[in-house]
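Everything below concerns the one structure shown next.
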Amino acid sequence: MSEQEHRLSDLERELTLLSRHFIAARGPRIGQSLERSAYVLLTRLEVGEPLTLKELARTFQVDVSTINRQVSAMLRNGLVERIPDPDGGMARKFRPTALGLERLGEDRAISRAGTTRLIEASGWTGERTKQFLTLLVEFNQSIEQLEGLTWSRTGRPEIPSATG
């Protein structure tokens, strides 16, 4: 195996471990009321314009039937609402309700507290955490660019890139 192949193999393993550690170490979902899919969908809908089922399916790279089931459950629970396309299109669009945003905020606070516990337990300084965040944002944005999909970061402070 070449040095590059070893590095990529190590990176794949570390990303897998990060995913596992992040979810497990934050602790049980005690107090969180949203299904994981609702949490992720609401996170996307809160920062952008309303989206159709087809647009949501493309964003998350899943079948429309999968998104339809998830959004239907969210509609039943009052987390999203169906609205006419503001641009006059035929397809209905979905946006979060006040209840959906409230529950997302509550669950996010619990998740953020878990993230805080992880960072504090790691002993990382504010500067080290900022460096990690900068690299993670750059990595995610590069992937989004390759996929032709962007995840809005509206309302978030600009993270300076390492290149400028």
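The values are calculated or read from the model by the stated rules, or taken from the named source; none is laboratory data. This is a predicted model, so every value here is computed, not measured. Counting neighbours? That spans all protein chains shown, and the Cβs are built from the backbone with ideal geometry, glycine included. These area figures cover heavy atoms from the full protein model, side chains too; ligands, DNA and RNA do not enter into them. Shrake-Rupley method; radii C 1.70, N 1.55, O 1.52, S 1.80 Å.
Details
- Matching option when the condition is modelled with pLDDT under 95 and open to solvent by 60 Å² or more (accessible area, probe 1.4 Å), among 61, 32: 61
- Qualifying residue in the stretch 109-130 (condition: over 26 Å from residue 20 (Cα atoms) and surrounded by fewer than 12 Cβ atoms within 10 Å (Cβ to Cβ)): no
- Of the residues making up the stretch 67-108, just one is more than 12 Å from residue 42 (Cβ to Cβ), surrounded by 14 or more Cβ atoms within 10 Å (Cβ to Cβ) and β-branched (Val, Ile, Thr), namely 67.
- Considering (1) modelled with pLDDT of 90 or more; (2) within 15 Å of residue 42 (Cβ to Cβ), the lone condition that residue 128 does not fulfil carries the number (2).
- Residues that are over 19 Å from residue 46 (Cα atoms) and at pLDDT below 85, drawn from the stretch 138-160: 147, 148, 159, 160
- Filter result for the condition that a residue is among the acidic types (Asp, Glu) and at pLDDT 85 or above, over 14, 55: 55
- Verdict on residue 97 being under 17 Å from the mean Cα position of the chain (by Cα) and either of a type in the set (Ser, Thr, Tyr) or at pLDDT 95 or above (or both): no
- When the stretch 105-127 is filtered for residues that are of a type in the set (A, V, I, L, M, F, W, C) and within 20 Å of residue 35 (Cβ to Cβ), the ones remaining, listed by number, are 109, 110, 113.
- Among residues that are under 21 Å from residue 34 (Cβ atoms), aromatic (Phe, Trp, Tyr) and touching a residue at least 24 places away in the same chain (Cβ under 8 Å), residue 60 is not included.
- Residue 137 satisfies every condition listed in (1) in contact (Cβ under 8 Å) with a residue 12 or more places away in the chain; (2) open to solvent by 50 Å² or more (accessible area, probe 1.4 Å) except (2).
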